[in-house]
Amino acid sequence: MTFGRIELHPVLGKLPDAPLIEVVFDGQRLFGLEGESIAATLLANGIRKLRVQEESDNPRGIYCNIGHCMECRVSVDGFSGIRACMTPVKEGMTISSGIKLPLPFRHTPPSERSGGA
Amino acid sequence: MRDALIVGAGPAGLSAAIAAAGSGNGMRITVLDEYPRAGGRLLGQLHQEPDGSWWNGIKEASQLMERALRDGVDIRTGVSVTGLERNGDEGWTVWTNEGLFQAKRLLLATGAAESAIPVPGWTLPGVMSIGAAQVMTNVQRVKVGNRGVVIGMNVLAMAIVSELRLAGIELAAIVLPPKNALSGHASDPNRVFNSLLRFAHMAPNPMFRWGASLIRPSWLQRLVVAGYPGSGLRIWDTPLQLRRSALEIVGTDSVEGVRVAKITPDGRVVAGSERFVEADFVCIAGGLYPLAELAAVAGCPFRYAPQLGGHIPLHAESMRTPLSRLYVAGNITGVESAKVAIAQGAVAGTAMALDDSGGASIALSAELERAISRVKQVRREAVIQFHPDIERFREQMYLEQGTILRYRIN
Ligand SMILES: Cc1cc2nc3c(=O)[nH]c(=O)nc-3n(C[C@H](O)[C@H](O)[C@H](O)COP(=O)(O)OP(=O)(O)OC[C@H]3O[C@@H](n4cnc5c(N)ncnc54)[C@H](O)[C@@H]3O)c2cc1C
Ligand code: FES
């Protein structure tokens with residue numbers, strides 16, 4: 001669900017005009033505004049989940065929005081660990097969300113292994 | 001090689017660049033900032049001054065930036081500084097994602113960061129720091145949600161609550177964080193109430209302002225907290241619930257609401273008082289601390305200053321550090337408002353110019369003294385005071401250091 005943009009602000013005025021930028025996020029075509037961050041484009045398109053925690057698979061989104069927490073990391077054009085809140089959208093960018101990673105060396109108690117004990 | 005490198009294009013860094021570039025020494029200055037736009041945390045700020053005019057951070061930032069560019073300052077955004085090293089007594093080398101930068105003098109103006117208060121469920125999408133909501137609302141102009149809950153009460157939270165309301169975003173409640181090892185005084189109603197009184201002058205409601213001016217004695221404060229209405233007092237049309245605390249943020253893929261409970265005046269949960277508040281976003285307001293890692297990497301000594309938000313690099317009133325050719329300015333030296341950061345930047349820029357002249361310029365020495373007294377004046381007149389004791393604390397700190405650091409040509 002998108003909450004939309006703040007088109008008219010009582011003090012800041014009208015949303016400044018900016019050209020549309022087309023990007024792809026996890027295979028989906030989206031439009032953002034030139035000058036805004038990847039996080040802003042995604043939120044404006046109703047996307048809050050930027051990745052999952054690599055181990056637990058829990059959903060994660062932005063937290064600080066100014067580059068300090070690293071919660072918003074996504075892959076951009078093949079480079080991983082890019083902060084969505086600090087990176088402006090560029091025409092044709094391919095963005096993908098972080099996924100759960102395999103845990104080959106993790107000890108799992110027999111009772112929790114798939115297929116049962 | 002540059003004459004000066006400034007890390008951080010916030011109000012402190014930009015104003016330092018303007019002061020140094022305009023000093024008449026012809027200094028070549030580069031400002032680096034990792035955000036795509038110059039202005040730092042000033043960009044998100046929007047509040048009304050006592051005279052009724054608006055402090056519009058975006059406008060203030062672009063004015064500073066234009067002045068700096070006009071004076072020939074080289075401003076580079078999207079550049080993250082990750083490390084630094086001293087080149088003997090010659091200056092500093094700085095590591096960035098865009099390669100190495102070298103300069104004779106280095107100013108760290110990296111600002112502040114927000115403390116987080118972990119609350120069960122705080123990793124859900126839709127939970128963010130209050131500053132994140134400020135930037136999304138005022139800078140990016142995208143709505144963070146329709147109806148939120150704010151967890152934590154401090155001066156920054158109150159300023160941003162008013163900004164969210166201004167943008168037409170509804171807030172269901174402002175509640176305290178749950179009592180745990182990390183929340184400290186932030187979950188104690190008596191302590192929080194006492195601090196709320198300090199920024200009651202910002203409240204839009206004259207009754208609120210007038211009431212607050214009467215509630216100075218501490219016995220009266222305790223009485224007010226004890227009798228504080230459960231539903232909260234309204235501020236910017238939002239219930240400020242001093243006697244409710246968040247227990248857990250609930251949701252599957254994103255925020256659906258917050259479980260809250262009544263608390264006693266000393267912060268303990270009242271059994272059976274739990275209730276669910278529907279919300280589609282949550283802001284956690286844990287306060288600010290100076291972002292000073294780079295000063296630590298440089299090897300600068302630190303001092304613990306709770307009044308200023310935490311650990312700060314040791315520095316003199318002239319913004320010189322004990323390390324040769326290293327300076328600091330703005331919130332890295334303690335959390336204060338943007339106007340103070342601008343004034344401190346002017347001090348640092350002037351000190352760099354004076355040191356660049358070998359300390360010989362009488363005009364710059366005089367200008368440095370003027371800039372230092374301007375900081376004090378701006379601090380006294382600040383609308384947003386993050387701590388009541390900042391002025392006294394700084395006076396004492398600078399006094400304790402003696403005059404060596406202040407007057408030493410760096
Ligand atoms: C989220 C937030 C919201 C705030 N809101 C208010 C408010 O509403 N009102 C108010 O009075 N004060 C507010 N403040 C306090 C604010 O810090 C000051 O008002 C003022 O902006 C401080 O100026 P500064 O120049 O010291 O730092 P900042 O304005 O924070 O600027 C520092 C700059 O340094 C950059 N930087 C940091 N580290 C690096 C690095 N390693 N490499 C490259 N660049 C780097 C940052 O990107 C940033 O642009 C807020 C602070 C924060 C953190
Ligand atoms: S949201 Fe914290 S780094 Fe992007």
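Bear in mind these aren't lab numbers, they're just calculated from the coordinates by the rules spelled out. Note that the structure is predicted; figures quoted are calculated from it, not measured. As a convention, Cβ positions derive from the backbone with ideal geometry for all residues, glycine included, and neighbour counts pool all protein chains shown.
Based on alpha-carbon atoms only, what is the radius of gyration of chain A relative to the globular estimate 2.2 N^0.38 Å?
1.32
With 10 angstrom as the radius, rank B:D253, B:D188 by how many other C-beta atoms surround their C-beta, starting from the fewest.
B:D253, B:D188
Taking a quarter of the surface of the convex hull around the Cα atoms of region B:226-297, what do you get in nm²?
Working: hull surface 32.1 nm².
Average of the hull's projected areas for region B:226-297 equals 8.0 nm².
Based on the alpha-carbon gyration tensor of region B:117-285 and its eigenvalue square roots a ≥ b ≥ c, which shape applies: rounded if a/c is under 1.5, prolate if not and a/b is larger than b/c, or oblate? Before the final figure, lay out each step's value.
Working: a/c = 1.94, a/b = 1.24, b/c = 1.57.
It is oblate, given that a/c is not under 1.5 and a/b is not larger than b/c.
Please rank B:D71, B:D237, B:D280, B:D3, fewest neighbouring Cβ atoms within 10 Å first, as an exposure proxy.
B:D237, B:D71, B:D3, B:D280
Could you work out, residue by residue across A:6-15, how many beta carbons of other chains sit within 10 Å of that residue's beta carbon, and then give the average as an integer?
Average per residue, whole number: 5.
Need the C-alpha centroid separation for region B:255-306 versus region B:330-355, integer Å.
28
Please report, for the Cα atoms of chain B, the Rg to one decimal and the Dmax as a whole number; what are they, in angstrom?
Spelled out, the Cα radius of gyration and Dmax of chain B are 22.3, 72 Å.
Run the numbers on region A:18-96 and let me know its relative contact order in percent, using alpha-carbon pairs under 8 Å that are six or more apart.
35
Pairs of alpha-carbon atoms within less than 8 angstrom and 6+ residues apart define the contacts here; what relative contact order does chain B have, in percent?
19
If you bin the C-alpha pair distances of the protein assembly as shown every 10 Å from 0, what whole percents do you get?
Computed distribution, short to long bins: 4, 18, 27, 26, 18, 7, 1, 0, 0.
What is the mean number of Cβ atoms from other protein chains located within 10 Å of the Cβ atom of each residue in peptide B:124-134, rounded to a whole number?
Mean shielding count: 6.
Could you work out the Rg to Rh ratio of region B:348-410, with Rh taken as the Kirkwood radius (inverse of the mean 1/r over all Cα pairs)?
Radius of gyration relative to Kirkwood radius: 1.04.
Please rank B:K143, B:K376, fewest neighbouring Cβ atoms within 10 Å first, as an exposure proxy.
Neighbour counts put them in this order, fewest first: B:K376, B:K143.
If you find the alpha carbon centre of region B:58-126 and of region A:44-117, how far apart are they in angstrom?
26
Per-residue Cβ counts within 10 Å, from other chains only, averaged over A:38-44: what number is that?
Partner Cβ neighbours, averaged per residue: 4.
What does the charge count near B:P120 come to, summing +1 for each Lys or Arg and -1 for each Asp or Glu among other residues with Cβ under 15 Å from its Cβ?
Counting the neighbours of B:P120, the net charge comes to -1.
Net charge around B:I312, counting only other residues with Cβ within less than 13 Å of its Cβ (Lys, Arg = +1; Asp, Glu = -1)?
So the environment of B:I312 carries a net charge of 0.
Please report the relative contact order for region A:1-47, taking Cα pairs under 8 Å with a sequence separation of at least 6, and give it as a percent rounded to a whole number.
Relative contact order of region A:1-47: 40 percent.
Nearest 10 degrees is fine. How inclined is helix B:390-400 to the longest principal axis of chain B, computing both from alpha carbons?
The answer is roughly 40 degrees.
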